[in-house]
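Undergrad: One structure coming up, written as structure tokens, with questions to follow.
The values are calculated or read from the model by the stated rules, or taken from the named source; none is laboratory data. Not measured: the values here are computed from a predicted model. Note that we place each Cβ from the backbone using ideal geometry, even for glycine, and neighbour counts take in every protein chain shown. For accessibility, only protein heavy atoms count, side chains too; no ligands or nucleic acids. Shrake-Rupley method; radii C 1.70, N 1.55, O 1.52, S 1.80 Å.
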Amino acid sequence: MNFSANLLGLDNAATPFGLKAMESLQELNPNKDTASNSQLMFLCLHAAGLSLIPVSVIAIRASQNASDPTDVFIPCLIVTFVGTMAAMLIVSFKQKINLFQPVIIGWILSISLIIALLVWYVTSLNADGIKQFSGVLSNGLILLVFLLIVLGGIYKKIDVFDAFIDGAKNGFETAVKIIPYLVGMLVAISMLRTSGTFDVVILGIKNTFAFLGADTRFVEALPTALIRPLSGGAARGMMVDTMTAYGADSFASKLSGIFQGASDTTFYVIAVYFGSVSIKNTRYAVGAMLLADLVGVCTAIGLAYLFFGQSA
């Protein structure tokens, strides 16, 4: 259900499902202070953020009066798929998992086929058709998930309302537990933004590529990519700032939208999810997630030039 919420681009809805998954995995974890292999695989796949519909990005682009708010649909879909595959390969390599198994290959090929068919179908639609299709698919899947929960409760003779109340109580306990980790992360983000660190890094990257004679338009969208691993809200603000500064239909704004819809907030995920189960040793989680993020960023830049390279 966590992955399903991510597929629909519903970041906030994915969090409670993810926290519940971490609690369940923690019950199976023999070393309670150290992240297990299963928890690492789950979080890395979650942070890669495979998304079929970047709902929030499309909504923001529409609010900024973009001529075609849905034009980042296909690039976002491809980037999240590549990032997810990269995360799976990285973690599998670290955990020495043999991916050449019929079940795993079958799942990967099936997902690849579904995404390929979705890309093929969406490319045959016009802007209005894509917008309508996105709305119907996202709303339909959300309704389907809700109905499946209710029907599953009836089938198993579970009082759904009482279970919801118990879950809400546990949710408050979890929220209190993760507050210190959130505060620490937010303070670090604030220090990085106000100290001008991002500006120095971006200026250095721009000067380097300008010296090499390369196109530097992608640098204008990098603030979103750099802050995305730290905070989804801050990255959303950076995306809006980019649209305001360069126009919603500019190359930088479209690339910024792809960055926003391409991955989850790595450090937020690590702080909140591991903090909720009191894990202190996260092993190689940060490195694996950031490496998958880097693959996503490079893929996003390449696709932006492929799809929108002629944009102003």
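Undergrad: For a quick protection proxy, order the peptides 21-28, 297-304 by their average other-Cβ count within 10 Å, most packed first. Walk me through the numbers before you get to the answer.
TA: Working: 21-28: 15.6, 297-304: 21.2.
Highest-to-lowest ranking by the protection proxy: 297-304, 21-28.
Undergrad: While we're looking at this one, here's another question. In nm, give the distance between the simple-model label positions of residue 103 and residue 3, each being 7 Å from the Cα along the Cα-to-Cβ direction.
TA: Simple spin-label model gives 1.2 nm for this pair.
Undergrad: Tell me the angle of helix 127-155 to the major Cα principal axis of the chain, expressed in degrees between 0 and 90 and rounded to the nearest ten.
TA: 10 degrees
Undergrad: Going by accessible area, probe 1.4 Å, with all protein chains left in place, what is the ranking of 239, 1, 41, largest first?
TA: Details: 239 0, 1 105, 41 35 Å².
Largest to smallest exposure gives the sequence 1, 41, 239.
Undergrad: Compute, for residue 67, the solvent-accessible surface of its heavy atoms (probe 1.4 Å) with the complete set of protein chains present, and express it in square angstrom to the nearest 10.
TA: 100 Å²
Undergrad: Cα-based count: Lys pairs in the chain below 20 Å, eight or more positions apart or different chains?
TA: Summing the qualifying lysine pairs gives 12.
Undergrad: Please compute the per residue accessible area over segment 191-262 with all protein chains in place, 1.4 Å probe, rounded to a whole number of Å².
TA: On the way: 3140 Å² over 72 residues.
For segment 191-262, the solvent-accessible area averages 44 Å² per residue.
Undergrad: Considering only protein heavy atoms, with the full assembly of protein chains and a 1.4 angstrom probe, order 284, 155, 121 by accessible area, largest first. Working shown, then result.
TA: Numbers: 284 40, 155 185, 121 95 Å².
Order by accessible area, largest first: 155, 121, 284.
Undergrad: Considering only protein heavy atoms and a 1.4 Å probe, what is the carbon-and-sulfur percentage of the accessible area of the chain? Intermediate results must be reported in sequence, preceding the final value.
TA: Numbers: 11130 of 16100 Å².
Heavy-atom surface of the chain belonging to carbon and sulfur, 1.4 Å probe: 69 percent.
Undergrad: Per residue of the chain, what 222 nm ellipticity follows from adding -39500 (n - 2.57) for every DSSP H run with n ≥ 4, rounded to the nearest 500?
TA: Details: 14 runs with 229 residues, N = 312.
Result for the chain, helices only: -24500 deg cm²/dmol.
Undergrad: Further, regarding this structure: How big is the charge dipole of the chain about its Cα centre, in debye rounded to the nearest 20, if each Lys and Arg gets +1 on its Cβ and each Asp and Glu gets -1 on its Cβ?
TA: Values: 18 positive and 18 negative charges, 104 e Å.
For the chain, the charge dipole is close to 500 debye.
Undergrad: How big is the Cα convex hull of the chain in projection, averaged over all directions, in nm²?
TA: Values: hull surface 71.3 nm².
For the Cα atoms of the chain, the hull's average projected area reads 17.8 nm².
Undergrad: Report, in cubic angstrom per residue, the convex hull volume of the C-alpha atoms of segment 1-72.
TA: Numbers: hull volume 5.9 nm³, N = 72.
In segment 1-72, the Cα hull volume divided by residue count equals 81 Å³.
Undergrad: Can you send over the solvent-accessible area of residue 61, 1.4 Å probe, protein chains only, in Å² to the nearest 10?
TA: Residue 61 has an accessible surface of roughly 0 Å² with all protein chains in place.
Undergrad: Using a 1.4 Å probe, what is the accessible area per residue for segment 63-108, in Å²?
TA: Details: 2380 Å² over 46 residues.
Normalised by residue count, the accessible surface of segment 63-108 is 52 Å².
Undergrad: In terms of the ratio Rg/(2.2 N^0.38 Å) built on C-alpha atoms, what value belongs to segment 1-137?
TA: Values: Rg = 17.1 Å, N = 137, 2.2 N^0.38 = 14.3 Å.
The reported ratio for this selection is 1.20.
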